[in-house]
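The values are calculated or read from the model by the stated rules, or taken from the named source; none is laboratory data. These figures come from a predicted structure and were not determined experimentally. Here the Cβ positions follow ideal geometry from the backbone for every residue, glycine too, while neighbour counts run over all protein chains shown.
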Amino acid sequence: MKLPKLTKGVLVRRYKRFLADVRLESGEVVVAHCPNPGSMRSVAVNGWLAYLSRSDNPKRKLKWTLELIRSPEAWILVNTQRPNRVVEEAIQGGVIAELSGYTELSREVKYGENSRIDLLLSDGSSRCYVEVKNVSLLVEQGRGAFPDSVTKRGAKHLRELVNMVKDGHRAVMFYLISRTDIESLRPAGEIDPNYAREVAAAMASGVEMIAYGAEVNEEEVVVTKRLPFIVEV
């Protein structure tokens, strides 16, 4: 997925979940919208490079949006409004072998208990429900984890995917690892034990856990290859 033209700066601080102060190369400090509901631990590090998009929409209160963070070792996608489109393009481009062969793709289809599935794939006779999660938490060298904060919503999505399997459909939890220094993924049981339990229960019920890495830079985010999803017993 091609990104809009980005402006480089330095992260001063991230606060109130959805706000970030960024010092531009001109020296000006701007307030940017931070579209990421997680804790952003291991990501929102003051002094790291930050890349912003700018909107000219006069109705927007904040003109700037935080898109990427650049650590000394890696690029990190932090705008959680981007992954669905990134994964959709990869599916349509045949990059994700596990999700190939479907003839129709729909977005935000209602299902479960007042929820909307990120991507619904179908071929006329079968359906595949795909929930997309953005992974940016680095817990040790080369290893990532999800989630980075307690997520009741994420646990609810897992239970709803289990219900889709029970109804005879295919269900996939797709983790987009959008941080370039992560080579494998596991549930973050130390952060959200309940989510880790729900992952194990969902897998036992037939929900597929698929993790793919991505190439991230200031011009684009592109899905690359499948990475190990490790559930520790």
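Assess whether Val150 counts as being at pLDDT 95 or above, at negative phi, among the β-branched types (Val, Ile, Thr) and part of a loop (DSSP other than H, G, I, E, B).
For Val150, the condition - at pLDDT 95 or above, at negative phi, among the β-branched types (Val, Ile, Thr) and part of a loop (DSSP other than H, G, I, E, B) - is met.
Examine the range 76-90 for a residue that is touching a residue at least 40 places away in the same chain (Cβ under 8 Å), farther than 30 Å from Met173 by Cα and of a type in the set (Val, Ile, Thr), and state whether such a residue exists. Break it down stepwise before answering.
Here is the first cut: in the range 76-90, the ones touching a residue at least 40 places away in the same chain (Cβ under 8 Å) are 76-87, 89-90.
Within this subset, residues satisfying the condition of being farther than 30 Å from Met173 by Cα are none.
No - not one qualifying residue is present in the range 76-90.
Report, by residue number, each residue of the range 201-211 that is of a type in the set (A, V, I, L, M, F, W, C) and in contact with a helix residue (DSSP H, G or I) (Cβ under 8 Å, 6 or more places away or on another chain).
We begin by selecting, within the range 201-211, every residue of a type in the set (A, V, I, L, M, F, W, C); these are 201-204, 207, 209-211.
Passing the criteria: Ala201, Ala202, Val207, Met209, Ile210.
Which ones in the range 182-200 are part of a strand (DSSP E or B) and in contact with a helix residue (DSSP H, G or I) (Cβ under 9 Å, 6 or more places away or on another chain)? Give the derivation first.
Of the range 182-200, the ones part of a strand (DSSP E or B) are 182-187.
Hits for the range 182-200 are Arg186, Pro187.
Exactly one condition in (1) touching a strand residue (DSSP E or B) at 6+ places or on another chain (Cβ under 7 Å); (2) free of Cβ contacts under 8 Å to residues at least 60 places away in the same chain is not met by Lys61; state its number.
With (1) touching a strand residue (DSSP E or B) at 6+ places or on another chain (Cβ under 7 Å); (2) free of Cβ contacts under 8 Å to residues at least 60 places away in the same chain applied to Lys61, the lone miss is (1).
Being out of contact with any Asp or Glu (no Cβ under 6 Å at 6 or more places or on another chain), closer than 24 Å to Ala214 by Cα and buried (at least 20 other Cβ atoms within 10 Å of the Cβ) is the requirement here; does Glu67 meet it?
On the way: out of contact with any Asp or Glu (no Cβ under 6 Å at 6 or more places or on another chain): yes; closer than 24 Å to Ala214 by Cα: yes; buried (at least 20 other Cβ atoms within 10 Å of the Cβ): yes.
Yes, satisfied.
Does Lys133 qualify as being in contact (Cβ under 8 Å) with a residue 40 or more places away in the chain and more than 14 Å from Glu88 (Cβ to Cβ)?
Working: in contact (Cβ under 8 Å) with a residue 40 or more places away in the chain: yes; more than 14 Å from Glu88 (Cβ to Cβ): yes.
It is true that Lys133 is in contact (Cβ under 8 Å) with a residue 40 or more places away in the chain and more than 14 Å from Glu88 (Cβ to Cβ).
Give Val150, Val207, Val165, Val216 a once-over and let me know the one that is of a type in the set (Val, Ile, Thr), surrounded by fewer than 23 Cβ atoms within 10 Å (Cβ to Cβ) and touching a strand residue (DSSP E or B) at 6+ places or on another chain (Cβ under 8 Å). Break it down into steps so the answer makes sense when it comes.
Numbers: Val150 fails: touching a strand residue (DSSP E or B) at 6+ places or on another chain (Cβ under 8 Å); Val207 fails: surrounded by fewer than 23 Cβ atoms within 10 Å (Cβ to Cβ); Val216 fails: surrounded by fewer than 23 Cβ atoms within 10 Å (Cβ to Cβ).
Of Val150, Val207, Val165, Val216, the one residue that is of a type in the set (Val, Ile, Thr), surrounded by fewer than 23 Cβ atoms within 10 Å (Cβ to Cβ) and touching a strand residue (DSSP E or B) at 6+ places or on another chain (Cβ under 8 Å) is Val165.
Those residues that are in a loop (DSSP other than H, G, I, E, B) and either surrounded by 11 or more Cβ atoms within 10 Å (Cβ to Cβ) or touching a Gly at 6+ places or on another chain (Cβ under 8 Å) (or both), I need them from the range 94-110; list them, please.
So the first thing to find is which residues in the range 94-110 are in a loop (DSSP other than H, G, I, E, B), and the list is 94-96, 100-103.
The answer is Val95, Ile96, Ser100, Gly101, Tyr102, Thr103.
So, in the range 122-147, of the ones that are hydroxyl-bearing (Ser, Thr, Tyr) and outside any strand (DSSP E or B), which residue ends up nearest to the chain's Cα centre (by Cα)?
Initial filter on the range 122-147 (hydroxyl-bearing (Ser, Thr, Tyr)): 122, 125-126, 129, 136.
Next cut, outside any strand (DSSP E or B) only: 125-126, 136.
Details: Ser125: 29, Ser126: 26, Ser136: 8 Å.
The extreme case among them is Ser136.
Does Arg186 qualify as being at pLDDT below 95 and outside the structural domain of Leu52 (by TED's automatic domain parsing)?
Details: at pLDDT below 95: no; outside the structural domain of Leu52 (by TED's automatic domain parsing): yes.
Here the answer is no, as Arg186 does not meet what is asked.
Closer than 23 Å to Asn36 by Cβ and acidic (Asp, Glu): is that true of Asp148 in this structure?
Details: closer than 23 Å to Asn36 by Cβ: yes; acidic (Asp, Glu): yes.
The answer is yes for Asp148.
Name the strands (runs of 3 or more DSSP E) wholly within the range 4-59 that hold at least 1 residues that are modelled with pLDDT of 95 or more and of a type in the set (Val, Ile, Thr)?
Numbers: elements: 7-15, 19-24, 29-33, 49-54.
So the answer is 7-15, 19-24, 29-33.
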